[in-house]
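Notes follow once the structure below has been shown.
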There are 2 protein chains.
Amino acid sequence: MARIVMKFGGTSVANVDRIKNVARKVKAEVDAGNEVGVVVSAMSGVTNELEGYVRETARLFDLREYDVVVAAGEQITSGLLAIALQEIGVSARSWLGWQVPVKTDDAHGSARIQEIPGEEIVRRMGEGQVAVFAGFQGIAPDGRITTLGRGGSDTSAVAMAAALEAERCDIYTDVDGIYTTDPRIVAKARKLDRITYEEMLELASQGAKVLQTRAVEMAMKHRVRVQVLSSFEDTPGTLVVDEDEIVEQEVVSGIAYSRDEAKVTLTQVPDKPGVAAAIFGPLADDHINVDMIVQNVSADGSTDLTFTVSKNDLDRAVKLLEEHRDEFGYGEIRADKNVVKVSVIGVGMRSHTGVAQKMFSALADKGINIQVISTSEIKVSVLIAEEYTELALRSLHSTYGLDAE
Amino acid sequence: MARIVMKFGGTSVANVDRIKNVARKVKAEVDAGNEVGVVVSAMSGVTNELEGYVRETARLFDLREYDVVVAAGEQITSGLLAIALQEIGVSARSWLGWQVPVKTDDAHGSARIQEIPGEEIVRRMGEGQVAVFAGFQGIAPDGRITTLGRGGSDTSAVAMAAALEAERCDIYTDVDGIYTTDPRIVAKARKLDRITYEEMLELASQGAKVLQTRAVEMAMKHRVRVQVLSSFEDTPGTLVVDEDEIVEQEVVSGIAYSRDEAKVTLTQVPDKPGVAAAIFGPLADDHINVDMIVQNVSADGSTDLTFTVSKNDLDRAVKLLEEHRDEFGYGEIRADKNVVKVSVIGVGMRSHTGVAQKMFSALADKGINIQVISTSEIKVSVLIAEEYTELALRSLHSTYGLDAE
């Protein structure tokens, strides 16, 4: 017997039949003696439809009114799920963002949660009433509806689990857990029973699009145990937890990759103080995110500078650098979209040496050239030519002993 | 320069183009120097779609959750209209029922408005901001969403006009005003410039389905001047006002009819005290509304009793009367669906005699037999055979001098 929060995304509540299916899953937890809160997204397609109306009405629009329009989607699902639960004999009521209230700042369209008073809801859950929350929405200090931005329902769920001091936050989705790497590429990929917040954050930002980064950050901050599992299968998923909860930690937990990288090299950059700032300043001003950066040792007072940006930003980045060419005085710009970033992730790296060296050897054995390297405390990333993606993933997966038996 | 409330129904906001059209109509009033509040319905079809989801989820459902689901419809329109107004340079913001707040009782699904604090909104309107209200919705004493029942947006609009002390409440609809009678039947029907609340109430309950009866009652109670006009044409409509505002009052303002009547006759009813109560008690208990009632003079200690009920209720009424036959001890039941009620309406009747006599003569001249008569202070109604509907309407329209030149 525990207090838990369950979260169902748009495809899990896409129509009335699926909402009834969700109601049955909730009932199973209630029947098992749990106190349950449920966070729901809009029925799939509804948010896009409502956004479409807004964009048809005006090209530039008031985000406060946008929030009023799109928040209706989750409102509808919350009422329907409450009815579906009552229909199968489960006491339930819906809670809209402003009713809880989910207090946010006033950054309409991408608001951040500030406070959720949970006492009244905890009291009702104790009396056996399931609380059905409209996800993705909150209320600004001035009493207007806010939304948390795309994927905000995950964040709603984790925040609610923290406010209700829930033992677990179960995120139901269309995959059944977190894998050691992409199973579509590596057939021997294994589902992980557990993974740490830090590893999940690296995986999420590296392209494993299962959980929103913001939701993982919030879970880590409030120590909310998150489970990722399938709404369509009845198998346990992957628990995202604190490092302490993982008894036998592997050195490497997973291999991630991201095809959304483009490489830019500036040749013959003058090797003097302030040049890096001068180059990256204009990019930052234009909200272009720079990821990996390497600078070669100086030869004859100049150097080569290589960095990566998102593929979408490449053209804008090159244009900006050309506009500022006279200020930097570099030789030429070389841009390359034909790259992929492969990352080896594991909190065990903190206490084990040789992880990076093992990676470089494995790639060298396959004749794969490493173009850029970057490392963090729990991650080693390399940039390689895109055509080697599959070969690199399979080789590394095997090298670190992650292959399923 | 005045403060006005404009109300647009579902067909007037059926899609984004029509919402933009509404925005232009609102802008015209703002440009004319008026302070404007707008009440909107859901886009046509949306309420039915949402109701459909609810009924698909459960046959019997919690009306509190029903309200959560269907109130989303008006919420969407209010946000979109605010955006459409801003897009053409008009300052505007949306107001949901709970934000105003429109305080209602807790009769979910058909709540009644109790109080609307209008100060803050009046202040903003004074600063030039158009207030766009989601119609049809309010908030119960316990903070949950309520809806006012079908057609409740008219009531929202009149209540808002009263709360804001507006000079006028303009109800935009798909007809361009109130006519002396149904123009589809009588080609010479005229649009009325003005009509009194009392007459409008009689017309509304008699089958002129332009304005909700509840909205007219509320307008009368709070002395809100209501204008009915077309959202698709730029012509003045009909003003529904207090009798004092009508300088030259016609004796008869309009001729209404209702095909929704069925006649029931009980023969040889014992003529003794308590019999009428015994007969109509069971009907009232079963929520069957009895309209016209006539009882002939007694002959040999028994009498005939004739009354009308709604056509939908006829079978249930007959069944109930048969079940209670032994208690009443009547001769036989005769039921007739082939009837229509025709009513002559006008506040001028209060000070003019001979109105009813004129009606009876006109019908007699055409050989139309009158089956039942009932009268009120401002109305004379007769029940006749349904096939005479058109003949009776045209004849009466002409008799009372209502024909257009």
Quantify how strongly other chains surround peptide B:53-63 by giving the mean number of their Cβ atoms within 10 Å of each of its Cβ atoms.
6
With the dipole of the protein assembly as shown defined by +1 on each Lys or Arg Cβ and -1 on each Asp or Glu Cβ, the option from A:GLY149, A:THR181, B:GLN114 whose Cα lies farthest towards the positive pole is A:THR181
Rounded to one decimal in nm, the spacing of the 7 Å Cα→Cβ label points at B:GLU390 and A:GLU323 is 7.4
Just want to confirm a number: the relative contact order over the range B:3-173, from Cα pairs under 8 angstrom separated by 6+ residues, in percent.
30
Solvent-accessible area per residue for the range A:1-101 (1.4 angstrom probe, square angstrom)
33
Once the in-chain neighbours fewer than 8 apart are removed, the lysines whose Cα is under 19 Å from B:LYS263 read B:LYS311, B:LYS319, B:LYS337, B:LYS341
At what distance in angstrom do the alpha carbon centres of the range A:171-207 and the range B:329-405 lie from each other?
79
Gaussian network model of chain A, Cα springs within a sub-10 Å range: biggest mean-square fluctuation belongs to which of A:ALA84, A:ALA32, A:ALA262?
A:ALA32
So for B:LEU283, A:LEU201, what's the accessible-area order with a 1.4 Å probe, most first?
A:LEU201, B:LEU283
Partner chain coverage, peptide B:140-146 - average Cβ within 10 angstrom
2
Top mean-square fluctuation among A:ARG184, A:ARG93, A:ARG112, Gaussian network model of chain A, C-alpha springs under 10 Å?
A:ARG184
At 0.36 nm per residue, minus the direct Cα-Cα distance, what do B:ASP234 and B:ILE88 gain on full extension? Give it in nm, one decimal, please.
50.6 nm
Extending each Cα 7 Å along its Cβ direction at B:ALA278 and A:GLU217, get the distance between those two points in nm, one decimal.
8.1
Once you wrap a convex hull around the alpha carbon atoms of the protein assembly as shown, what is its projected area averaged over all directions, in nm²?
46.1
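For A:ASN296, what is the net charge nearby, where nearby means another residue's Cβ is under 13 Å from its Cβ and Lys, Arg count +1, Asp, Glu -1?
Here the count lands on -3.
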Using alpha carbon centers only, the range A:292-313 is separated from the range B:228-285 by a whole-angstrom value of 86
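Report the local net charge at A:SER253: Lys and Arg +1, Asp and Glu -1, summed over other residues whose C-beta lies under 13 Å from its C-beta.
Numbers: positive: A:ARG190, A:LYS191, A:ARG194, A:ARG350, A:LYS379; negative: A:ASP193, A:GLU198, A:GLU199, A:GLU202, A:GLU243, A:GLU248, A:GLU250.
Net charge in that neighbourhood comes out at -2.
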What full-extension length gain, to one decimal in nm, is calculated for A:ALA356 and A:ALA299 as 0.36 nm per residue of separation minus the Cα-Cα distance?
17.8 nm
Reachable lysines from B:LYS20, criterion Cα separation under 17 angstrom, eight or more residues apart if same chain
B:LYS7
Most to least packed among A:379-386, A:152-159 [average Cβ atoms within 10 Å]
A:152-159, A:379-386
Please calculate the 1.4 Å probe accessible area of A:ARG325, with all protein chains present, and give it to the nearest 10 Å².
100
How large is the dipole of the range A:112-222 about the Cα centre if only Lys and Arg carry +1 and Asp and Glu carry -1, each at its Cβ, rounded to the nearest 20 debye?
360
Counting DSSP beta bridges in chain B, what percent are antiparallel, to the nearest 5?
60
Show me B:360-367, B:250-257, B:56-63 ranked by packing, highest mean number of other Cβ atoms within 10 Å first.
B:250-257, B:56-63, B:360-367
What is the angle, in °, between the Cα long axis of helix A:213-222 and the longest principal axis of the Cα atoms in chain A? Nearest 10 is fine, range 0 to 90.
70
Under a 10 Å cutoff between Cα atoms, tell me which one of B:PRO273, B:PRO282, B:PRO236 has the largest fluctuation in the Gaussian network model of chain B.
B:PRO273
Tell me the relative contact order for chain B as a rounded percent, counting alpha carbon contacts under 8 Å between residues six or more apart.
14
Using DSSP, restrict attention to beta bridges with both residues in the protein assembly as shown and report what percent are antiparallel, rounded to the nearest 5.
60
Between the helical axis of B:63-87 and the dominant principal axis of chain B, each derived from Cα atoms, what acute angle in degrees is found, rounded to the nearest 10?
50
Which whole number gives the average count of other chain Cβ atoms within 10 Å of the Cβ atoms across peptide B:97-106?
1
Estimated inter-spin distance, A:HIS287 and B:ARG55, nm [label 7 Å along Cα→Cβ]
4.5
If you average over every viewing direction, what projected area does the convex hull of the Cα atoms of the range B:3-173 give, in nm²?
8.8
So which aspartates and glutamates can A:LYS221 reach, going by Cα to Cα under 18 Å and dropping same-chain residues fewer than 8 places off?
A:GLU115, A:ASP154, A:GLU165, A:GLU167, A:ASP170, A:GLU198, A:GLU199, A:GLU202, A:ASP242, A:GLU243, A:ASP244, A:GLU245
Residue-count net charge about A:ALA111 - beta-carbon cut-off 11 Å; Lys, Arg +1, Asp, Glu -1:
+1
If I fit a long axis through the Cα atoms of helix B:275-285 and take the longest principal axis of the Cα atoms of chain B, what angle between them do I get, 0 to 90°, rounded to 10?
30
Of all beta bridges DSSP finds with both residues in the range B:3-173, what is the antiparallel percent, to the nearest 5?
20
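The values are calculated or read from the model by the stated rules, or taken from the named source; none is laboratory data. Just so it is clear, the model here is predicted, and its values are computed rather than measured. All Cβ positions, glycine included, derive from the backbone under ideal geometry; neighbour counts span all protein chains shown. For accessibility, only protein heavy atoms count, side chains too; no ligands or nucleic acids. Shrake-Rupley method; radii C 1.70, N 1.55, O 1.52, S 1.80 Å.
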